[in-house]
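Q: Here it is, the structure in full.
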Amino acid sequence: MESTRARWDAYLYALTVFVSAFLLFQVQPIIAKMILPWFGGTSAVWSTCMLFFQLVLLAGYLYAHLLHEMPGTRQATVHTLLLVVSLAVLPVMPNPSWKPTADSNPTFLILGLLGVTIGLPYMILSTTSPLLQSWYARRAGTVPYRLFALSNLASMLALLTYPFLIEPNLSVKMQSYVWSGTYLVFAVLCSTTAWMAARSHGTQVKIAKQGEAPTLGLQLLWIGLAAIASTLLISVTTFLTQDVAAIPFLWVVPLALYLLTFILCFESTKYYNRKIFFPLLLAALGCFAFFLGPKSMKIHMGPTIALISASLFVCCMVCHGELVRLKPHPSRLTGFYVMVSVGGAVGGLFVGLAAPHIFNAYYEFPIGLAALAALAVLLLFRENPKPVYKGLLLAGLLGYVVTLSVLTKNTVTGYRAIARNFYGELRIEDEGDPKTDSDADRKLLHGRINHGIQMLAPKLRRTPVAYFCEASGIGHAMRSRPVGVPWHVAILGLGAGALAPYGLAGDTFKIYEINPLVLDFAKTYFTYLGDTPAKTEVAIGDGRLVLEREPTTNPADKFDLLVMDAFSGDSVPVHLITQEAFASYFQHIKPGGILAVNISNRYLDLEPVMERAANYFHKKPLVFDLDPDENDELCNASGWALLVDPSMELPESLRSGRLLKPRPGFRMWTDDFSNMFSILK
């Protein structure tokens, strides 16, 4: 009878831990996707969310550590009260009053928004695994690390089911309701477990004095290993989401691999073997170094994601495998988890908060790699190898650090200017001598992606080039204007100001730009805005949000042409291509006006999104693909979608457009639903 009850008690512990961990990591992509449109769709939103989650996780582990020292009944009372209070914030839905303004600090605004919306439930969820493991250890007298592995298994399942099951089938609002309902079930399970542990407090196995207190050096190792894994996790995620797309799928893959290493390492010591993973670590560190160099730009998306993901997996296996090798006695369990969460928070603070404010480029990635290499050498030194072996290790470490330094220096050398803020890293690059080279130009780079070019030769300085040349889709749109009629043009995304040369005297170009740094660079290093005879206005803020605040009642305020050319790196902000976004655009466009969308992208096929939007709003979707000759100095390969009224008699410049055809089964994107995974090339 007693064994049956103990078995059912174990099932309750396991179920509570599983549900808690599933909710803990399912809410991360849900809440991040909800607020992503408010902050320009940039990859920094996810990095800031990760910082918040790690800070609250640390708070939860500290709470669990302190609660662990209380008598059993008091533990149950305090925890149950917090569970009840946390229900007050359900359902988890961010308040629109948190939407940013032009002078807002996005990082602190996101942290505050998340704190109000999900802070208390998330903290309580984060306490469940260490609390229940400590309760189980005292009750059963057995090592509960498998509960930690179960917790991470649930976390990984939560992440993997999101892009493949949850996101494609449920609206964001429904996701919130389902999550909130499941949290209510968790609250009942957790309070039941707390009182069950309290009632058996007198019969618990006494293990509190069986383990020695960890040394300061050991605690610093715990923190260092966890901090490096966290730093690499966020750095890799930023790399992928900035140059591919800020989508849950690319948030989930690195985090799922990170959690998988926790599962494997804490489930059994047989999965981590130094003889296997230290040689693999050399390969992983070399692979990451390669991706810091320029040649990695030539690799296609699939191999890029695969190689980076595999390298991250190896690095995290080493970090977490070494954590398990250094784990304490179960009596020191909650303190161990506090140190691990401190390390995670340190990594998050470094990448998410400190780096964008103290660095002008992405130095945190190579710093994390160098730190991991150094810590691996330190761990091997703890085994007291022979002097010759120590010398080889130090020489290898020095060579790797020098390599990283050279690669990192190359990313910031030879540029006229480099700066960085919440929205990413901007660089100005000059190529060629305008005195001798007819094709000398100046580029604005966002991350590794070209966001605008200006020719430096005086005779070409006012010529639109690259994605905006006269042979491109936007060139066709600009040539469709009636002769002698001033145009009112809206442009979402300033870049270098490369569309301004199309402006004529009497025209008005209103440009919407979320990043103040882009405006500074466009005015300082490019002459497009100053050269154009058209009147130009620049509104700072997310283009869609600013447009939505502007009136649409006066026909004179409406646009003949609205251009959507907003990118974050090479990723497309999803909220700018949803049904609600298109509705706002068409409200601001005159009858017979044109909506032009830049759909140039290495990784995403945006044509189905354009076709569905055109169909919904009864427009004709025309696509202009440009693949210029390799000797063409003025044009880059590009793709533009122009949405026009079907009754409109097409001018000559638009008749070469390719009419988009529906993709069977493709669903219209809305603010509540989008699935960018379905359009990956």
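Q: For the list (1) in contact with a helix residue (DSSP H, G or I) (Cβ under 8 Å, 6 or more places away or on another chain); (2) crowded, with 24+ Cβ neighbours inside 10 Å, I need the number of the one condition that Ile491 fails.
A: Of (1) in contact with a helix residue (DSSP H, G or I) (Cβ under 8 Å, 6 or more places away or on another chain); (2) crowded, with 24+ Cβ neighbours inside 10 Å, only one is false for Ile491: (1).
Q: Does Ile118 satisfy being in contact with a Cys (Cβ under 8 Å, 6 or more places away or on another chain) and either among the hydrophobic types (A, V, I, L, M, F, W, C) or not in a helix (DSSP H, G or I) (or both)?
A: In short, no.
Q: Separate question: How many of the residues in the stretch 60-80 are part of a helix (DSSP H, G or I) and either modelled with pLDDT of 95 or more or buried (at least 17 other Cβ atoms within 10 Å of the Cβ) (or both)?
A: Of the residues in that region, 12 qualify.
Q: For the stretch 222-249, which positions are modelled with pLDDT under 75 and either assigned to a helix (DSSP H, G or I) or under 21 Å from Leu369 (Cα atoms) (or both)?
A: Answer for the stretch 222-249, where residues must be modelled with pLDDT under 75 and either assigned to a helix (DSSP H, G or I) or under 21 Å from Leu369 (Cα atoms) (or both): Gln242, Asp243, Pro248, Phe249.
Q: Can I ask one more? Regarding the stretch 612-625, can at least one residue be identified that is in a loop (DSSP other than H, G, I, E, B) and polar (S, T, N, Q)?
A: No, the stretch 612-625 contains no residue that is in a loop (DSSP other than H, G, I, E, B) and polar (S, T, N, Q).
Q: Just need a number here: residues in the stretch 494-544 that are modelled with pLDDT under 95, closer than 16 Å to Val465 by Cα and not in a loop (DSSP other than H, G, I, E, B).
A: Counting residues in the stretch 494-544 that are modelled with pLDDT under 95, closer than 16 Å to Val465 by Cα and not in a loop (DSSP other than H, G, I, E, B) gives 0.
Q: Select from the stretch 406-447 the residues that are over 22 Å from Asn515 (Cα atoms) and among the hydroxyl-bearing types (Ser, Thr, Tyr) and write down the one among them that is farthest from the chain's Cα centre (by Cα).
A: Result: Thr436.
Q: Where in the stretch 309-417 are the helices (runs of 4 or more DSSP H), entirely inside, with at least 2 residues that are in contact with a Gly (Cβ under 9 Å, 6 or more places away or on another chain) and over 30 Å from Leu67 (Cβ atoms)?
A: 364-381, 387-410
Q: Moving on to the next point. Do the conditions hold for Val597, that is, is it in a strand (DSSP E or B) and surrounded by 21 or more Cβ atoms within 10 Å (Cβ to Cβ)?
A: In short, yes.
Q: Hey, among the residues in the stretch 641-666 that are among the basic types (Lys, Arg) and assigned to a loop (DSSP other than H, G, I, E, B), which one's surrounded by the most Cβ atoms within 10 Å (Cβ to Cβ)?
A: Among them, the one singled out is Arg663.
Q: On to the next question. Does Ala345 meet the test of being of a type in the set (Gly, Ala, Ser), over 20 Å from the mean Cα position of the chain (by Cα) and at pLDDT 90 or above?
A: Judged against the criteria, Ala345 is not a match.
Q: From (1) farther than 24 Å from Pro279 by Cβ; (2) surrounded by 16 or more Cβ atoms within 10 Å (Cβ to Cβ); (3) not hydrophobic (A, V, I, L, M, F, W, C), pick out the condition that doesn't hold for Gly368.
A: Failing condition for Gly368: (1).
Q: Which numbered condition trips up Ser568, out of (1) surrounded by 18 or more Cβ atoms within 10 Å (Cβ to Cβ); (2) closer than 24 Å to Asp507 by Cα; (3) modelled with pLDDT under 95?
A: Answer for Ser568: the failing condition is (2).
Q: Consider Glu633 against the criteria (1) touching an Asp or Glu at 6+ places or on another chain (Cβ under 9 Å); (2) under 25 Å from Ser584 (Cα atoms); (3) in a loop (DSSP other than H, G, I, E, B): it satisfies all of them except one. Which criterion is unmet?
A: (2)
Q: In the stretch 186-221, what count of residues is obtained for those that are modelled with pLDDT under 75 and under 36 Å from the mean Cα position of the chain (by Cα)?
A: Result for the stretch 186-221: 0.
Q: To continue, here is another question. Determine which single condition Leu407 fails, assuming it passes every other condition in (1) within 30 Å of Glu630 (Cα to Cα); (2) exposed (fewer than 12 other Cβ atoms within 10 Å of the Cβ); (3) in the same structural domain as Cys319 (by TED's automatic domain parsing).
A: (2)
The values are calculated or read from the model by the stated rules, or taken from the named source; none is laboratory data. On a predicted model such as this, the values are computed, not experimentally measured, just so you know. Neighbour counts run over all protein chains shown; Cβ positions are idealised from the backbone, glycine included.
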